[in-house]
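The values are calculated or read from the model by the stated rules, or taken from the named source; none is laboratory data. Nothing here was measured: the structure is a model prediction, and the numbers come from that model. Cβ coordinates were reconstructed from backbone atoms using ideal geometry, including for glycine residues, and neighbour counts include every protein chain displayed. We work out accessible area using only protein heavy atoms, side chains counted, and drop any ligands, DNA or RNA first. Shrake-Rupley method; radii C 1.70, N 1.55, O 1.52, S 1.80 Å.
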Amino acid sequence: MAKPRLLTGLQPSGDLHIGNYFGALKPFVDTYEKYDSFLMVVDYHALTSLKSPDELRKNTIEAVRTYLAVGVDPNKAVIFKQSDVPAHTELAWIFDCLVTVPFLMQAHAYKDKVAKGLEANAGLFTYPMLMAADILLYDAEAVPVGEDQRQHIEYAREAAAKFNKAFTEVFKAPKELILKATGVVPGTDGKKMSKSYGNTIPLFGSREEIQKAVMSIVTDSSAGIPENVYAMHKLLKSEAELAPLYEANKGSYKALKDALVEDLDAFIAPMREKRESISDAEVASVLADGAEKAREVSEAKMEAVRKAVGVR
Ligand code: AMP
Ligand code: TRP
């Protein structure tokens, strides 16, 4: 039995923290092998806001290294770069000719980005049609995305329906796959861990960085269990494992923080080392293999599209 196809787009991801790991990366790593998985670095999507060639190149490589470091096996998933497969932009144009401006104007993500001060360029505006092309070229059924991208999957379904109706039945309707995370990971101040709150434990942080972040964890003054330390510790060890440690060190916050540093470092070090060991050449080779496989699948689909619209 062929596995159902999964496709997702990776935004170049700087400065990831352990909240991103437990909230998004780990649920993905735990799931992707159940599918025929395609992972794509969306460099042309990034161009809607990023106008720095060096940064775009660097971010693309970093996105791949991150996924390899957290455990995605390039032999078990097709990892590729959007710009390596010209069919994406070609199909996006066709979808642009099928949807209306008022329809695209309803996109929350577009409105949010413009409200945040991003330039309202035409690429940002038609972003959902490039994303629809990403998904529909591969007959992807499952599309893992965050809650904020749910509407974009609706746009992809709509693009498929419009095309099938205007021409011939070429596309399958995709479905979002909202992966269940362990819950919200708290930061050093007890609030949701977030880059914008400056309360993070960096995912690939050095021991010194981990130590610095843990020492900054806010503790209450009442003796007993320092809640914020314990909440973070629980991500790494079971309550049963932690009980004797917290019992023996009641009120001794320094000792508990030291133990947390140990455990965080033991958890992060293998990923950090894996990430450091991945060369640019290895990334290039993974992307070259991936591009070849992605082109094979998408070209067949694109030929059917070209015939359907009448350019062949
Ligand atoms: P962001 O960079 O905030 O857009 O988050 C990227 C992904 O990481 C999303 O899928 C979030 O759900 C997840 N994430 C970010 N912060 C946390 C957190 N503190 N706890 C759990 N998941 C998180
Ligand atoms: N828009 C998605 C995001 O911001 C990234 C993305 C682009 C994507 N193309 C995709 C996700 C195709 C899933 C499938 O996160």
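In the P(r) worked out for the chain, what percent of Cα pairs fall beyond 33 Å?
34 percent
Quick one: which residues, 5 or more positions from Leu177 or on another chain, have an amide H under 5 Å from its amide H? H modelled 1.01 Å from N in the peptide plane, none for Pro or chain starts.
Residues meeting the amide H criterion: Val143, Val145.
Please give the peptides 112-118, 185-191, 1-7 ranked by average Cβ packing (other Cβ atoms within 10 Å per residue), highest first, as a rough proxy for protection.
Result, highest mean Cβ count within 10 Å first: 185-191, 1-7, 112-118.
Viscosity 0.692 mPa s, temperature 37 °C: what is the translational diffusion coefficient of region 70-228 from Stokes-Einstein with a Kirkwood Rh over Cα pairs, rounded to a whole number of µm²/s?
This corresponds to a translational diffusion coefficient of 172 µm²/s.
Report in % the part of the accessible area of region 195-274 that belongs to carbon and sulfur, leaving out ligands and nucleic acids; probe 1.4 Å.
53 percent
Long-range amide H contacts for His17: which residues qualify at under 5 Å (H placed 1.01 Å from N, peptide plane, sequence gap of 5 or more or a different chain)?
Residues meeting the amide H criterion: Leu203.
I'd like to compare 246-253, 148-155: which one has the highest average count of other Cβ atoms within 10 Å, and what's the full order after that?
Going by the mean number of other Cβ atoms within 10 Å, highest first, we get 148-155, 246-253.
Please give the calculated 222 nm ellipticity per residue for the chain, where each DSSP H segment of at least 4 residues contributes -39500 (n - 2.57) and the sum is spread over every residue; nearest 500 deg cm²/dmol?
The helix contribution divided over the chain gives -16000 deg cm²/dmol.
For Lys3, list the aspartates and glutamates whose Cα falls under 14 Å from its own Cα; do not include residues on the same chain fewer than 8 positions away.
Glu33, Asp36, Asp139, Glu141
Suppose all protein chains stay in the model; what accessible area per residue would a 1.4 Å probe give for region 195-274, in Å²?
Averaged over the residues of region 195-274, the accessible area is 53 Å².
Going by average Cβ neighbours within 10 Å, how do the peptides 194-207, 18-31 rank, with the highest at the top?
Ranked from most to least packed, the peptides come out as 18-31, 194-207.
Restricting to the chain, compute how many DSSP beta bridges are antiparallel as a %, nearest 5.
The antiparallel fraction comes to roughly 10 percent.
When we measure straight from the Cα of Lys192, which lysines land under 26 angstrom away, once same-chain ones fewer than 8 places off are left out?
Output for Lys192: Lys26, Lys111, Lys113, Lys116, Lys180, Lys212, Lys234, Lys237, Lys250, Lys254, Lys257.
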